[in-house]
Amino acid sequence: MSVLTYTRFFCFKEEERMITKQKGTYDIYGNDAKYYNYINNVFTTVANYYNYNFIRTPIFEASELFHRSVGETTDIVSKETYDFVDRGGRSVTLRPEGTAGVVRSFIENKMFGDVNQPVKLYYTGPMYRYERPQAGRYRELSQFGVEVLGSDSPMIDAEVISLAYRTLEEMGIEDITVKINTLGDIESRNNYREALVKYLEPHISNLCPDCQNRFKTNPLRILDCKVDKDSEILLKAPSILDYLNDSSEKRFKSVLELLMELGVDYEVDSNIVRGLDYYDHTVFEFVADIPGLGASNVLGAGGRYNNLVEKLEGPATPCVGFACGIDRLMIILQELNKDNVVQSDLDVYILAVNEEEHMTALKLAQDLRWSEIKCDYDTLDRGLKAQFKQADRLGAKLLVILNSDELSKGIITVKDNITHEEVRIDENEILEYIIGNL
């Protein structure tokens, strides 16, 4: 091969190289898709039981929304957001979390004026954070969550926590513990901040660089540090629970009592502060005791944010919510061998080989599907033996075996794919028979 030919060959190959997915993203298909849909279906079912309504907000918003709500000094905004300038010169950001967009929608659409209060919403969808990809943590991540806007009742705190707790239980995840804390009101938090700064000041040089930066901007977030979380300095730090005023302490005790009434297992952890600036009062995480998960045992988290609506130019509105990561839950369900999630539940497979039989199969399949029966048939011109194998692979409960001679007499054969018993049914009664035998 000449140098010129060699160069042209590899230049062509370079131009025509296969396009692959971006780092930190992944395709959801096959069994993964079944886990993904299962998680969403369980969550939306439970959310509807609790009388929450669905909301979908845009995947990108004005960058200012997240800078003002999540906080300029948080890791999400300072290190992880996907910010860009669009063709109109506007600064926009791919949403890194769901709460800010819901609050923006609440204000913009004047939901605070709705007759039905509080406004109870749930959402599910992709979020974007530029961080180091690892198992269960991606740059394009999926979350589900709820937000309640308009009630300051401790009952709503308990309801939101129990909704998430129930959702995780319904997925078959056991040994769930709610780690819970309170950040108190502004007075309590300011008193604690002063005490924490005084305590940390002589030790701050012994903590990680991020903690040293947080000491200047938001010292409470030092307690949320993943690097120094087990250091003696943080373990001996003063507890916010010792700095609560009477109203904050009373409110927190009320939330704990309500959780006990609802049968939700909880553990008070004064180091939980969450990584977003908008939280106050109740904050919590859902932790599962699952072998092998390690640091990935946090399934979701949330808290109360009574000042965020007002901060974004809306009326003073108390709020609370949570979010759970779907990607991590997919891994957990697979670790727990929840095979029922991916098992095929095909009701009927229709077998046909010639044109007349295929036409009958097409019409019958439509009648079955419109009767909410899951069915399928062959479209690859496979022989009967191959179709029987396909039906087995799909786990079909009943087989409808079409035969031209029987069809001419108005008869259709139905075979139970478990007992292997066969019956011949009048063509006009086939739909009623299948419905009655599933």
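The values are calculated or read from the model by the stated rules, or taken from the named source; none is laboratory data. None of the values given here were measured: they were computed from a predicted structure. With ideal geometry, Cβ positions are generated from the backbone for all residues, glycine too; neighbour counts draw on all protein chains shown. These area figures cover heavy atoms from the full protein model, side chains too; ligands, DNA and RNA do not enter into them. Shrake-Rupley method; radii C 1.70, N 1.55, O 1.52, S 1.80 Å.
For segment 13-61, which chymotrypsin sites (Phe, Trp or Tyr not before Pro) are both in a DSSP coil and crowded by at most 13 other Cβ atoms within 10 Å?
Taking segment 13-61 and a limit of 13 other Cβ atoms within 10 Å, the loop chymotrypsin sites (Phe, Trp or Tyr not before Pro) found are Tyr26, Tyr29.
Taking only protein heavy atoms into account and a 1.4 Å probe, give the accessible area per residue of segment 114-261 in Å².
49 Å²
Give me the angle, in degrees from 0 to 90, between the Cα long axis of helix 30-49 and the longest principal axis of the Cα atoms of the chain, rounded to the nearest 10.
60 degrees
Each residue of segment 415-423 in turn: what ³J(HN,Hα) in whole Hz from Karplus with 6.51, -1.76, 1.60 and θ = phi - 60°, glycine and Pro shown as x?
10, 6, 6, 9, 8, 6, 7, 10, 9
For segment 316-332, what does the Karplus curve 6.51 cos²θ - 1.76 cosθ + 1.60, with θ = phi - 60°, yield as ³J(HN,Hα) per residue in whole Hz, taken in order and with x for Gly and Pro?
3, 9, x, 9, 8, x, 8, 9, 10, x, 5, 4, 5, 5, 4, 5, 5
Counting only residues 5 or more places away or on other chains, whose amide H sits under 5 Å from the amide H of Ile411 once H atoms are built in the peptide plane?
Under 5 Å from the amide H of Ile411 lie the amide H atoms of Glu427, each far enough along the sequence or on another chain.
So, taking all protein chains as they sit and a 1.4 Å probe, how much accessible area belongs to Arg369, in Å² rounded to tens?
About 100 Å², rounded to the nearest 10.
Mind listing the phi-derived Karplus ³J(HN,Hα) values for segment 177-187, rounded to whole Hz, using 6.51, -1.76 and 1.60 with θ = phi - 60°, and x for any glycine or proline?
10, 8, 8, 10, 8, 10, 9, x, 7, 4, 4
With the other protein chains left in place, how much accessible area per residue, in square angstrom, belongs to segment 339-404 at a 1.4 angstrom probe?
56 Å²
I'd like the carbon and sulfur percentage of the solvent accessible area for the chain, probe radius 1.4 Å, heavy atoms only, ligands and nucleic acids excluded.
49 percent
Using the per-residue mean of other Cβ atoms lying within 10 Å as a proxy for protection, in what order, highest first, do the peptides 193-202, 109-118 fall?
By packing density, highest mean first, the sequence is 193-202, 109-118.
Rounded to the nearest Å, what's the spacing between the alpha carbon centres of segment 177-196 and segment 105-123? Just the number, please.
28 Å
In Å and on Cα atoms, what radius of gyration and Dmax does segment 199-254 show?
13.2, 39
Find the Cα radius of gyration of the chain, compare it with 2.2 N^0.38 Å by division, and give the number to two decimals.
1.27
Between the helical axis of 246-261 and the dominant principal axis of the chain, each derived from Cα atoms, what acute angle in degrees is found, rounded to the nearest 10?
Between helix and principal axis, roughly 30 degrees.
Using a Förster radius of 51 Å, what is the FRET efficiency between Glu355 and Lys226 based on their Cβ-Cβ separation? Nearest 0.05, please.
Efficiency, from the Cβ-Cβ distance: 0.20.
Rounding to the nearest 10 and keeping the result within 0 to 90°, find how far the Cα-based axis of helix 384-393 lies from the longest principal axis of the chain.
20 degrees
222 nm [θ] for the chain, helices only, -39500 (n - 2.57) per DSSP H run of 4+, per residue, to 500?
Computed mean residue ellipticity for the chain: -11000 deg cm²/dmol.
Cβ under 13 Å from Tyr199's Cβ, Tyr199 left aside: what net charge do those residues give with Lys, Arg +1 and Asp, Glu -1?
Net local charge, Tyr199 excluded: -1.
Could you order peptides 282-290, 307-315, 425-433 by the average number of other Cβ atoms within 10 Å of their residues, highest first?
The most tightly packed comes first, giving 282-290, 307-315, 425-433.
Dividing the alpha-carbon Rg of segment 336-438 by 2.2 N^0.38 Å yields what?
Normalised Rg, Cα atoms only: 1.06.
How many angstrom lie between the C-alpha centres of segment 407-430 and segment 379-400?
Distance between centres, Cα-based: 16 Å.
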